[in-house]
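To keep things clear, I will list the structure first and then write my remarks on it.
The values are calculated or read from the model by the stated rules, or taken from the named source; none is laboratory data. Owing to the predicted nature of the structure, the values given are computational and were not obtained by experimental measurement. When we count neighbours, we look across all protein chains shown, and the Cβ atoms used for this are built from the backbone with ideal geometry, even at glycine.
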Amino acid sequence: MIKQREHWGSKFGFILAAAGSAVGLGNIWKFPYIAGENGGAAFVFVYLICIAVIGLPVLTAEILLGRTTQRNPVGAFKKLSGSKFWTAVGGMGVIAGFVILSFYSVVAGWSFGYIFEAMKGTFSTFSDASFAGEHFNSLVGNVTWIVGFHGGFFLLTMLVVYAGVKGGIERGSKIMMPILFVILLILVVRGLTLDGAEKGLAFLWNPDWSKISGQSVLIALGHAFFTLSLGMGAMMTYGSYLTEEDNIPSAAFQVLFLDTLIAILAGIAIFTAVFAMGQDPGAGPGLIFHTIPVVFSKMPGGLLFGVLFFLLLTLAALTSAISLLEVVVAYFVDELNWKRHQAVLVFGLLTFLIGIPSALSFNVMADVKWFDKTFFDIADFLASNILLPVGGLFIAVFVAWVWGFDKAVIELKKGAVNFFEKNDWMIVAWKFFLKYFAPVMIFIVFLHSIGLLESAVAQIKQYWGLDVSGLILLILLIRYLKK
Ligand code: PFF
């Protein structure tokens, strides 16, 4: 018996679900602080270029692979290549889904727990960031609290995925994404109307070009990957529930636009409030859990805005977590004929268990380290710095070189004929960026993130006085122009 594949109820439903996957802790927790640390507007500018020239081509390729094959990442590569190697690349995506979800849910659990902290009025007792920091450390040091909220968040994630593509993920995204947007707008207005908000805006928008270095370009590119949920098949899986009538390039644009808009609005909401309340904008990863509660303790109406803020962060994390779990579930449903509810229960529980050592990395297992990293750090490093960039590189290479660019274009045009009639230059741009530019740049980021780039650059500079990235790009450009 051939199983009927579920599809999205509407293209809008897909866009909200895919934007839900993209918008997450990456936008609200990570983007503001890395932009703050790397030169504000100058960094935002570099980041925008990265998502336009690398994020968008790879996002389009991922969604296209899903729609063409109507399969999860493993099935998609298997169907188009028939090769064991490429099937294993899809398998790497499923494993990345496991790994990311296991630690992502721990941080999301903090946010979930902070909704209750905000409601209890705990923030009003924080006179400065050091109190807030101590409170945060005592919470994450408490095994019951941290594992409990990790579990609570997991249950929510499983509930949505259990209800299916249309009835769970699409319906959930249609409810959660508008709420998220409204809360964010309320917080932006609150931030902008505080005395001293302009200092926050200046911090975020005045470009400090001196802070832009090779390093910050690489950070921007790595973040573009994480924030767009690229490199592990989440967008491929969501794309597999599309039909040939759906216009992929236009959907990809809209997802990218929403993701970027929300990251920038989050930056405005956070930095206006942080500056107006005289807090340290450079608190780094602790900004959300150490600095923001103090901001709310000092702000008129802070109790309500505090609850809203952590609700926003939890919803954003939830719509991302469901896409991570869906990758794993889709694999077991498509390839091994499991029932959806079985797969959700078994792999939801399993991923929750794998996440426990990450949760314990902040308390009883804090001293258990390999290469100076806790279990949480290793899971994060493995996923963000290795599995996602390598996955993204393979996806670009597969679509452009192995499956074949021309075949991909024929598929891409389905549902988008009119779109390309008006914009046929986009195919040329897609070809250049997917075939040459993206693989080279991702390769460089990958080398950098595992620390090899510096030594490679140093060696090449020593011999030829040239920067390695410039050299590779030059060779490729010459080859491209020669054709
Ligand atoms: N895009 C999410 C964020 O910005 O928080 C993280 C993420 C979700 C990465 C889903 C990868 C993924 F498949």
* Structure fact -> Within the range 167-206, residues under 22 Å from the mean Cα position of the chain (by Cα) and of a type in the set (D, E, K, R) come out as GLU170, ARG171, LYS174
* Identify, from the list GLY91, GLY152, the residue that is within 16 Å of the ligand (Cβ to nearest atom) and modelled with pLDDT of 95 or more. => GLY91
* To do: Those residues that are more than 18 Å from the chain's Cα centre (by Cα) and either of a type in the set (Asp, Glu) or in a helix (DSSP H, G or I) (or both), I need them from the range 363-393; list them, please.
  => ASP367, ASP372, PHE375
* **Restricting the range 208-239 to residues that are more than 12 Å from the ligand (Cβ to nearest atom) and under 14 Å from the mean Cα position of the chain (by Cα), the residue that is surrounded by the fewest Cβ atoms within 10 Å (Cβ to Cβ)** => ILE219
* Asked: If you check VAL417, VAL368, VAL346, VAL364, which single one turns out to be modelled with pLDDT of 95 or more and among the β-branched types (Val, Ile, Thr)?
  -> VAL346
* Name every residue in the range 3-15 that is closer than 29 Å to TRP110 by Cα and either surrounded by fewer than 24 Cβ atoms within 10 Å (Cβ to Cβ) or charged (D, E, K, R) (or both), in order of residue number. => GLY13, ILE15
* Asked: For the range 3-59, how many residues meet the condition of being outside any helix (DSSP H, G or I) and either of a type in the set (Phe, Trp, Tyr) or away from the ligand (no atom under 12 Å from the Cβ) (or both)?
  -> 11
* Among the residues listed as PRO281, PRO249, the single one being in contact (Cβ under 8 Å) with a residue 60 or more places away in the chain and more than 30 Å from ASP334 (Cβ to Cβ) -> PRO281
* **Subset of the range 240-267 (residues that are surrounded by fewer than 21 Cβ atoms within 10 Å (Cβ to Cβ) and of a type in the set (A, V, I, L, M))** => LEU258, LEU261, ILE264, LEU265
* Structure fact -> Those residues of the range 123-143 which are buried (at least 17 other Cβ atoms within 10 Å of the Cβ) and either within 30 Å of the chain's Cα centre (by Cα) or of a type in the set (Lys, Arg) (or both) amount to PHE123, ALA129, ALA132, GLY133, HIS135, PHE136, LEU139, VAL140
* Which residues, counting only those in the range 112-121, are surrounded by 18 or more Cβ atoms within 10 Å (Cβ to Cβ) and in contact (Cβ under 8 Å) with a residue 60 or more places away in the chain? -> PHE112, TYR114, ILE115, GLU117, ALA118
* **Restricting the range 66-90 to residues that are under 19 Å from the mean Cα position of the chain (by Cα) and part of a helix (DSSP H, G or I), the residue that is surrounded by the fewest Cβ atoms within 10 Å (Cβ to Cβ)** => GLY66
* **Leading residue by the ranking (farthest from LEU315 (Cα to Cα)) among those in the range 190-210 that are in a helix (DSSP H, G or I) and among the small types (Gly, Ala, Ser)** => SER210
* To do: Please state which one of LEU312, LEU303 is surrounded by fewer than 21 Cβ atoms within 10 Å (Cβ to Cβ) and modelled with pLDDT under 95.
  => LEU303
* Asked: Does the range 172-189 contain any residue that is in contact (Cβ under 8 Å) with a residue 24 or more places away in the chain, surrounded by fewer than 18 Cβ atoms within 10 Å (Cβ to Cβ) and not in a helix (DSSP H, G or I)?
  -> no
* Asked: Just checking, how many residues over the range 240-267 are part of a helix (DSSP H, G or I) and either within 15 Å of the ligand (Cβ to nearest atom) or closer than 30 Å to PHE305 by Cα (or both)?
  -> 15
